[in-house]
Amino acid sequence: MTSASTLTLADILAARERISSSIYYSPCNHSQMLSRMTGQQVYLKLENLQMTGSFKERGALNKIATLTADEGKRGVVAASAGNHAQGVAYHATQRGIRSVIVMPQTTPLVKVTATRGFGAEVVLHGANYDEACEEATRLCKAEGMTFIHPFDDHLVMAGQGTIGLELLEQIDGLEAVVVPIGGGGLIGGIACAVKESNPNIRVIGVQTTKLNSMSAALAAHHPVTLDPATTIADGIAVRRAGELTFPVVQKYVDEIVTVDEDEIASAILTLLEREKTLAEGAGATALAALLQKHTSLPPNMKTAVLVCGGNIDVTLLSRIIERGLVQDGRLIRLRIHLLDRPGALVDLATLIASHRVNIVDTLYNRAYYGVNLGDTSIDLTMETRGPEQVEELLTAMTAAGYRHVRIQ
């Protein structure tokens, strides 16, 4: 490995030699539908199809593959609540190396079970990642184990950078790459790989507006620690950019944009419906930026979009789908005032049915929301084809004399 201050193309090429036999060469297919929707020539790099469901195992394996025999005997330790944990656990087990993963006590049981299923010893400690990381560091020193950082390590970065080498092979004439950013390991490795091969390829990073730690670091010219925040893109919910990743991002990345929660939810839904592809929140952020036209890319660029992971809790997925439907205008809720008389609801339902809108939930109320005596209020949740049909329905309701408010 080169000095601690640099990451080179040679490092990434070496990483590929180490890990290629154990890592899935994930597909990167052109999407006609997403190309029409975004105005770009979109190629989806499906890292959600890796064995552990995300790109993280590339960097973890590259680090593990460089351990000496003595280091291998003593084992590895990591702190993670998700994808990094599973990547470390799986590849350490494959090589007969003991792995200890420290996870926050709030980690969902499904992730704990999955990590144990890949062969790791799971230690639940602390209320958040920072506290879990402190315990992992203590264990590392106490037991002489090797700590595998999720992003702030040049060997980890080089492993993630092998994706960039694959993109150059898979897309003839590649012009742009759009990559999610958490701590910066993924985009740092990919950016180095593609920029050192072709400096004209644009590299664009995408963060959630809730935790845009890399943007904050670039503005301050050094990593800064942001306040805690929750986001559906939990895989990139990093409060502080890496000390090692920051200069690599600063050197190679052309632009960083942000997306909000509703835009991420909508992108998850788009991938499910249009591409039959399951992405977690972090995995959909790159596409969200293109769908919302947040980047400065000119039209019709050959653009690789990273779908970096697909490990998502089923209950969260159901809420995200619902939120995505609301964002797209295909699920709306209206509060409508009616006269409290026989047939009033039938008349309203007949009007709604005439516009081919489906009612999925109702809530009657006679005492709240400023309802007059003799009147009633009803909340209706309805499925529609989209904003155009919604506007047609609202116009018809107003014309028929119904007072209504859209509930966001």
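Could you please let me know if residue 261 is among the charged types (D, E, K, R), surrounded by 22 or more Cβ atoms within 10 Å (Cβ to Cβ) and under 16 Å from the mean Cα position of the chain (by Cα)?
In short, no.
Out of the residues in region 96-121 that are open to solvent by 20 Å² or more (accessible area, probe 1.4 Å) and closer than 26 Å to residue 144 by Cβ, state the one that is modelled with the lowest pLDDT.
Across region 96-121, the extreme among qualifying residues is 105.
Here's the yes/no breakdown for (1) closer than 26 Å to residue 85 by Cα; (2) open to solvent by less than 10 Å² (accessible area, probe 1.4 Å):
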site: 167; (1), (2): yes, yes
site: 172; (1), (2): no, no
site: 176; (1), (2): no, yes
site: 181; (1), (2): yes, yes
site: 197; (1), (2): no, no
site: 221; (1), (2): no, no
site: 229; (1), (2): yes, no
site: 239; (1), (2): yes, no
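Looking at region 382-408 only, could you name the residues that are touching a residue at least 40 places away in the same chain (Cβ under 8 Å), within 14 Å of residue 347 (Cα to Cα) and exposed (fewer than 12 other Cβ atoms within 10 Å of the Cβ)?
400
Being open to solvent by 80 Å² or more (accessible area, probe 1.4 Å) and in contact with a helix residue (DSSP H, G or I) (Cβ under 6 Å, 6 or more places away or on another chain) narrows it down to one of 341, 323, 319, 333, so name that one.
From the options 341, 323, 319, 333, the qualifying one is 323.
So is residue 54 surrounded by 15 or more Cβ atoms within 10 Å (Cβ to Cβ) and at pLDDT 95 or above or not? Explain how you work it out, then say what you get.
On the way: surrounded by 15 or more Cβ atoms within 10 Å (Cβ to Cβ): yes; at pLDDT 95 or above: yes.
So residue 54 fits the description; yes.
Would a scan of region 22-29 turn up a residue that is assigned to a helix (DSSP H, G or I) and either in contact (Cβ under 8 Å) with a residue 60 or more places away in the chain or open to solvent by less than 70 Å² (accessible area, probe 1.4 Å) (or both)? Break it down into steps so the answer makes sense when it comes.
So in region 22-29, the residues assigned to a helix (DSSP H, G or I) come out as none.
No, region 22-29 has no match at all.
Quick one: is residue 358 in contact (Cβ under 8 Å) with a residue 24 or more places away in the chain, open to solvent by 70 Å² or more (accessible area, probe 1.4 Å) and within 30 Å of residue 256 (Cβ to Cβ)?
For residue 358, the condition - in contact (Cβ under 8 Å) with a residue 24 or more places away in the chain, open to solvent by 70 Å² or more (accessible area, probe 1.4 Å) and within 30 Å of residue 256 (Cβ to Cβ) - is not met.
Here is a yes/no grid of residues against (1) under 30 Å from residue 400 (Cα atoms); (2) touching a residue at least 12 places away in the same chain (Cβ under 8 Å); (3) charged (D, E, K, R); (4) assigned to a strand (DSSP E or B):
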residue: 296; (1), (2), (3), (4): no, yes, no, no
residue: 300; (1), (2), (3), (4): no, yes, no, no
residue: 305; (1), (2), (3), (4): no, yes, no, yes
residue: 316; (1), (2), (3), (4): no, yes, no, no
residue: 323; (1), (2), (3), (4): yes, yes, yes, no
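Which residues, taken from region 289-316, are of a type outside the set (A, V, I, L, M, F, W, C) and closer than 15 Å to residue 83 by Cα?
309, 310, 311, 313
Test each condition in (1) at pLDDT 95 or above; (2) closer than 23 Å to residue 243 by Cβ for residue 2 and report the one that comes out false.
Result: residue 2 passes all but (1).
Listed residues 328, 361, 379, 313; which is acidic (Asp, Glu) and more than 30 Å from residue 287 (Cβ to Cβ)?
After applying the criteria, what remains is 379.
The values are calculated or read from the model by the stated rules, or taken from the named source; none is laboratory data. Predicted model only: the values in this text are computed from it and were never measured. Note that each Cβ is placed from the backbone with ideal geometry, even for glycine, and that neighbours are counted across all protein chains shown. These accessible areas exclude ligands, DNA and RNA; they are computed on the full protein's heavy atoms, side chains included. Shrake-Rupley method; radii C 1.70, N 1.55, O 1.52, S 1.80 Å.
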